[in-house]
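> Structure incoming, see below.
Just so it is clear, none of the values below were taken in a lab; they were calculated from the coordinates. Keep in mind the model is a prediction, meaning the values are calculated, not measured. A quick note on method: Cβ atoms are made from the backbone with ideal geometry, for glycine too, and the neighbour counts reach across all protein chains shown.
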Amino acid sequence: MDIYESLINGNKRYGSNKDHICESNFKCKSSEINEKVIIAPTWEVDIFSNHADNIKHISGPTGHGYNIYELKVGSNKITYIMTGVGAGNLIDAL
């Protein structure tokens, strides 16, 4: 079992699920979070402008300060989550 599954199973024990977590924290559907994810504090998504075929805003800023984007690079879809500064903000997003 990978770390993601362990976290989801831990949340299920307390009555939560991945859909609830995505909606309450990221203001998006869990289906809008891709398998490949980049999480970065304060770096604007524009740093990928020359590398991505398309950048789509998914949600944000949320009440937690997150901005969620989808980057399309060739046939790959990558979720980009911009968090606030600091380890605490980054860990909360993870």
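> Taking Cα atoms, how many degrees apart are the long axis of helix 3-13 and the longest axis of the chain, rounded to 10 and kept between 0 and 90?
It works out to around 40 degrees.
> Quick one: net charge of residue 73's neighbours, Cβ under 10 Å, K/R +1, D/E -1?
Cβ neighbours under 10 Å give a net charge of +2.
> For Cα pairs less than 8 Å apart in space and 6+ apart in sequence, what is the mean separation divided by the residue count of region 3-93, i.e. the relative contact order in percent?
Here the relative contact order equals 28 percent.
> Find, among the GluC sites (Glu not before Pro) in region 1-72, those assigned to loop by DSSP (not H, G, I, E, B) with at most 13 other beta-carbon atoms within 10 angstrom.
35, 44
> Could I ask something else about it? Using helices alone, what [θ] at 222 nm do you get for the chain, with -39,500 (n - 2.57) per DSSP H run of 4 or more residues, divided over all residues and rounded to the nearest 500?
-6000 deg cm²/dmol
> Suppose every K and R has +1 on its Cβ and every D and E has -1 on its Cβ; what is the size of the dipole of region 3-93 about the Cα centre, in Debye to the nearest 20?
Using only the charged Cβ atoms, the result is roughly 240 debye.
> Taking the chain as a Gaussian network, where each spring joins two C-alpha atoms under 10 Å apart, which residue of 59, 24, 49 fluctuates the most?
It is 49.
> Note down the net charge around residue 29, summing +1 for each Lys or Arg and -1 for each Asp or Glu among other residues with Cβ under 9 Å from its Cβ.
Summing Lys/Arg as +1 and Asp/Glu as -1 gives -3.
> Follow-up. When DSSP assigns beta bridges and you keep just the ones with both residues in region 31-94, what percent turn out antiparallel, to the nearest 5?
Around 65 percent antiparallel, to the nearest 5.
> Can I ask one more? Two decimals is fine: what's Rg over Rh for region 3-93, C-alpha atoms, Kirkwood radius as Rh?
Value, to two decimals: 0.98.
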